[in-house]
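Rule-based calculations on the coordinates, nothing more; no lab input. The structure displayed is predicted, hence computed values, not measured ones. Virtual Cβ from ideal backbone geometry, glycine too; neighbours counted across all protein chains shown.
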Amino acid sequence: MRLISFTLLVCLALFSNITSADTLKPFTSDGCSAFPDGTLAQNNLWLNCCTLHDLAYWQGGTYQQRTAADQALKQCVAKVGQPTIAALMLAGVRVGGTPYLPTTFRWGYGWPYPRLYGKLTKTEQQQVNNMIKRLKKGE
């Protein structure tokens with residue numbers, strides 16, 4: 001029964017987003033999602049790593065781009081002195097960041113669900129670039 005309900009939900013999401021699937025939402029970050037942003041002693045130790053990772057996830061793209069973003073997260077967290085945490089986070093994002101679930105932290109979450117793997121069109125990439133420019137200006 002749950003599978004039927006989930007399938008129905010996905011179908012409704014598909015049909016309701018067909019017309020708005022090319023509109024990018026403004027960038028948001030929830031930090032390290034369901035994971036701490038740092039240690040007890042340094043609460044935000046790897047928060048910057050997660051924010052950069054969120055920027056990649058927000059815009060989405062190909063499977064290879066997601067893999068690269070996840071590896072960059074692992075390297076960033078390891079660089080702040082936490083290689084064990086980095087490996088744990090990599091495992092978490094590989095499982096939890098799939099674009100196939102309607103989560104707020106999925107691959108391509110800046111686009112309406114469902115947004116699966118695929119190269120951004122020229123128009124979509126321009127939307128991303130424009131929003132990133134605004135972010136850098138502090139708008």
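Mind ordering 58-68, 79-89, 122-132 by average Cβ neighbours within 10 Å, highest first?
Working: 58-68: 17.2, 79-89: 15.5, 122-132: 13.9.
Packing proxy ranking, top to bottom: 58-68, 79-89, 122-132.
Could you pull out every one of the lysines with an alpha carbon less than 22 Å from that of K119, ignoring same-chain neighbours closer than 8 positions?
Filter leaves K25, K133.
Principal axes first, then extents: for the Cα atoms of segment 30-137, list largest minus smallest coordinate on each axis, whole Å, largest first.
The principal-axis extents, from largest down, are 43, 33, 20 Å.
Straight-line reach from K74: which aspartates and glutamates fall under 14 Å, measuring Cα to Cα and dropping same-chain residues less than 8 apart?
Straight-line reach from K74, under 14 Å: D37, D54.
For Q126 and K25 in one chain, what is 0.36 nm times their gap in residues minus the Cα-Cα distance, to one decimal in nm?
Difference between extended and current length: 35.0 nm.
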